[in-house]
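First up is the structure itself, then whatever we jot down about it.
Each reported figure results from applying straightforward, stated rules to the coordinates on display, with no laboratory input. Just so it is clear, the model here is predicted, and its values are computed rather than measured. Positions of Cβ are generated from backbone atoms using ideal geometry, with glycine treated the same way; all protein chains shown enter the neighbour counts.
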Amino acid sequence: MKFMLMMNAASKGGDYQIANWPKKDIEAHIGFMIKFSQKLAAAGELVGAEGLAPPTQARLVRAGKDGKPVTDGVFPETKEFLAGYWIVDVPSPERAYQIAAEASAAPGHGGAPMNMPIEVREVPSGPPPLD
Amino acid sequence: MIDHLLRDLTPHVLGAVVRRFRDFAAGEDAVQEALIAAAAQWPRDGVPDNPRGWLIQVALRRMTDHIRSEVARRTRETAVAADAPVVVAPAVYSDPGVDPDDTLALFFMCCHPALTDASAIALTLRAVGGLTTGEIARAFLVPESTMAQRISRAKETIRASGVPFEMPDAAERAARMGAVLHVLYLVFNEGYTATSGDALERPDLSREAIRLARAVLTLVPGHGEVEGLLALMLLTDARRSARTGPSGELIPLDEQDRSLWNRESIAEGVALVGAAFSRGAVGEYQVQAAIAAVHDQAARAEDTDWPEILALYSVLLRLSNSPVVALNHAVAIAMVHGPAEGLKRVDAIAGDDRLKGSHRVDAVRAHLLERAGRPDEAVALYRLAAGKTSSLPERNYLLMRAASVAARM
């Protein structure tokens, strides 16, 4: 079963809070995230993972009358936004929750677990993949 | 061992097959099949005496089978079996000759300007580099079906644009060589900047680019810019194990543990730069390599010959008109004449449209402000740059730099 684990981060002025942490906290957080992905990959559970650029660069796009893109942004007032995601392939939802809890406890400011919210959504199996 | 041999032989085999049949797409498929057959048989039965000849023969046979079945299909479709054209299979040479121009023509074809950079890179790695589609897909972190599609569209583009498989004339050749070097440079950079940890087992694109640059240099010995590019790659790659820390974080040049630098690569790179410069004509890759050589030859960061680097950047600026070179030139000015002079220079070039929205101007300003003893402004700009860069390791580096300057305030 595949699940998408979405990490939501609080925003302040459109930038990640991590920008204002002391160096050793940033190091610990980044080190945790790298090891976390390596561990999932080694266990054969990782399908994909990406971190996203801060919302200062985000744009909301809609098709205009002529089909050309109409863009909207920046969103500094947004309180929470998607900061990154993992897609994992695991035997049960419980295992996905376990992984999500581990990610949620990533070290934050002062080294304490952040306990940030991780939204877990199943990626239903669909038609056979292309090719 | 066999793996290396196969990849070294790939361009020669493909060059020979395409020259004979004039069908790049089918030839490429046939060569891939021959490589797969070799990878299965050689470890078991031993490497044949003439491995190149073996591969060419198998690929030619596959090619003949392909043409026979194509003709059979067409014949069935048109239902004129009685008039079916007679297919004469080309004789399979016992010792097929290999023309170095074929290999070079293959490079020119795969790096053709009609292709986008992404397509040219993929096609070059597969057709000339002998990497499988799966390996290339993993190297660029895209699904294999996506990469397969990219490669087949690249072949289609080549077919549709009617690019002939032949040596361009001398005038055209210089321009086309520029495209080949550009593609190899992009492959190298992809490998070099994307390295973060080894757990993901991405095929090593930097080493592949170096191998291909060496191959090009054997085809055009003494070509200054090929020497320059190969030197630049070697001198940059030499710092590989010193440029990232335990968690994959970037370590800037002036803080690297220089005892980790690869002396052998540095020696080879320095010799290549020397050889290229002694021939007189100077190109961008040579100058960039010369700058890398100055850095690599300094035993400590503080021993770096900045006046020499500044002089080289001034030469590079005349050759290239790139805003990124202009920014590096400003940094060199700061190292020689002080941060205030460097900042003045940055102000003068920051208005360039090509730098609009780029994190580079902010990052360079932040560095110079830090050196100038203006930490408040430096921290703000490091953070601004971190929010703009699209490279994760670079973002992390800029954030940590901001944090450590802030901690000293």
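Principal-axis analysis of the Cα atoms of chain B puts helix B:144-161 at an angle of about 70° to the longest axis.
Is the stretch B:226-348 best put as rounded, prolate or oblate by its Cα gyration tensor, with a ≥ b ≥ c the root eigenvalues, rounded for a/c under 1.5, and otherwise prolate when a/b is larger than b/c, oblate when not? Verdict is oblate for the stretch B:226-348. Annotation: amide H-H contacts under 5 Å for A:Val123 (H modelled 1.01 Å from N, sequence separation of 5 or more, or interchain): A:Lys2, A:Phe3, A:Met4.
Taking beta carbons within 10 Å but only from partner chains, what does the mean come to for residues A:30-42?
Details: counts 9, 6, 1, 4, 9, 4, 0, 3, 5, 1, 0, 4, 1.
Average per residue, whole number: 4.
The amide H of A:Gly48, built 1.01 Å from its N in the peptide plane, has A:Ile87 as neighbours under 5 Å, considering only residues 5 or more places off or on other chains.
Explain nothing, just the number: dipole magnitude of the stretch B:16-83 about its Cα centre with +1 on each Lys and Arg Cβ and -1 on each Asp and Glu Cβ, in debye rounded to the nearest 20. Write out the running numbers ahead of the final one.
Numbers: 11 positive and 10 negative charges, 25 e Å.
Once rounded to the nearest 20, the dipole reads 120 debye.
Axis angle, to the nearest 10 degrees, between helix B:170-194 and the longest C-alpha principal axis of chain B: 60 degrees. Under 5 Å between amide hydrogens, built in the peptide plane, is the criterion, and for A:Ala106 it picks out A:Met114, A:Asn115, A:Met116 among residues at least 5 positions away or on other chains.
Karplus-derived 3J(HN,Hα) values for the stretch B:256-263, using 6.51 cos²θ - 1.76 cosθ + 1.60 with θ = phi - 60°, are 6, 7, 5, 5, 7, 5, 7, 4 Hz; glycine and proline are entered as x. For the stretch A:95-103, backbone phi angles converted through the Karplus equation (6.51, -1.76, 1.60; θ = phi - 60°) give residue-by-residue couplings of 5, 4, 5, 4, 4, 4, 5, 5, 5 Hz, Gly and Pro being listed as x. Taken along its three principal axes, the alpha carbon spread of the stretch A:2-123 comes to 48, 37, 19 Å, from the longest extent down to the shortest.
Qualifying trypsin sites (Lys or Arg not before Pro) in the stretch B:290-360, where qualification requires a DSSP coil assignment and no more than 16 other C-beta atoms within 10 Å, comprise B:Arg300, B:Lys356. Based solely on its DSSP helices, what 222 nm [θ] is calculated for the protein assembly as shown when runs of n ≥ 4 H residues each add -39,500 (n - 2.57) and the sum is averaged over all residues, nearest 500 deg cm²/dmol? It comes out at -19000 deg cm²/dmol, rounded to the nearest 500.
Mind checking B:143-150 for the average number of partner chain beta-carbons within 10 Å of each residue's beta-carbon? Write out the running numbers ahead of the final one.
Working: counts 4, 2, 3, 2, 0, 2, 2, 0.
Partner Cβ neighbours, averaged per residue: 2.
Per-residue 3J(HN,Hα) values for the stretch B:64-69, derived from phi via the Karplus relation 6.51 cos²θ - 1.76 cosθ + 1.60 with θ = phi - 60°, read 5, 4, 4, 5, 4, 6 Hz in sequence order (x marks Gly and Pro).
At the listed q of 0.13 Å⁻¹, the Debye profile of the protein assembly as shown, built from one uniform point per Cα, gives log10 I(q)/I(0) equal to -1.44. Computed from label points 7 Å out along Cα-Cβ, the spacing between A:Ala53 and B:Met1 is 4.9 nm.
Would you mind calculating the relative contact order of the stretch B:325-409 from Cα pairs under 8 angstrom and at least 6 residues apart, reporting the percent as a whole number?
Numbers: 98 pairs, mean separation 19.5, N = 85.
Computed value for the stretch B:325-409: 23 percent relative contact order.
For chain B, with a Gaussian network of springs between Cα atoms less than 10 Å apart, report the residue from B:Ala105, B:Ala231, B:Ala174 with the top mean-square fluctuation. Most flexible of the set in this elastic network: B:Ala174.
Computed over Cα pairs, the Kirkwood radius of chain B leads via Stokes-Einstein (1.306 mPa s, 10 °C) to a diffusion coefficient of 67 µm² per second.
The dipole here belongs to the stretch A:2-123: it is taken about the Cα centre, uses +1 on the Cβ of Lys and Arg and -1 on the Cβ of Asp and Glu, and is about 220 debye.
Under the rule a/c < 1.5 gives rounded, and otherwise a/b versus b/c splits prolate from oblate, where does the stretch B:325-409 land using the Cα gyration tensor? Since a/c reaches 1.5 but b/c is at least a/b, the shape of the stretch B:325-409 is classed as oblate. Of the peptides B:271-278, A:91-98, the order by per-residue mean of other Cβ atoms within 10 Å, starting with the highest, comes out as B:271-278, A:91-98.
Here the stretch B:371-409 is scanned for amide nitrogen atoms under 20 Å from the site 7 Å beyond the Cα of B:Lys356 along Cα-to-Cβ, giving B:385, B:388-390.
Is the shape of the stretch B:16-83 best called rounded, prolate or oblate, per the rule: a/c under 1.5 gives rounded, else a/b larger than b/c gives prolate, else oblate, with a ≥ b ≥ c the square roots of the Cα gyration tensor eigenvalues?
Working: a/c = 3.17, a/b = 2.31, b/c = 1.37.
Prolate.
Treating only the Cβ of Lys, Arg, Asp and Glu as charged (+1, +1, -1, -1), what charge dipole size does the protein assembly as shown show about its Cα centre? Round to the nearest 20 debye. List each step's numbers first, then the result.
Working: 58 positive and 67 negative charges, 157 e Å.
With Lys and Arg at +1 and Asp and Glu at -1, about 760 debye.
Inter-chain neighbour count for A:18-27: the average number of beta-carbon atoms from partner chains within 10 Å of each residue's beta-carbon is 6. With respect to chain B, whose longest principal axis is taken over its alpha-carbon atoms, helix B:375-388 is tilted by about 20°.
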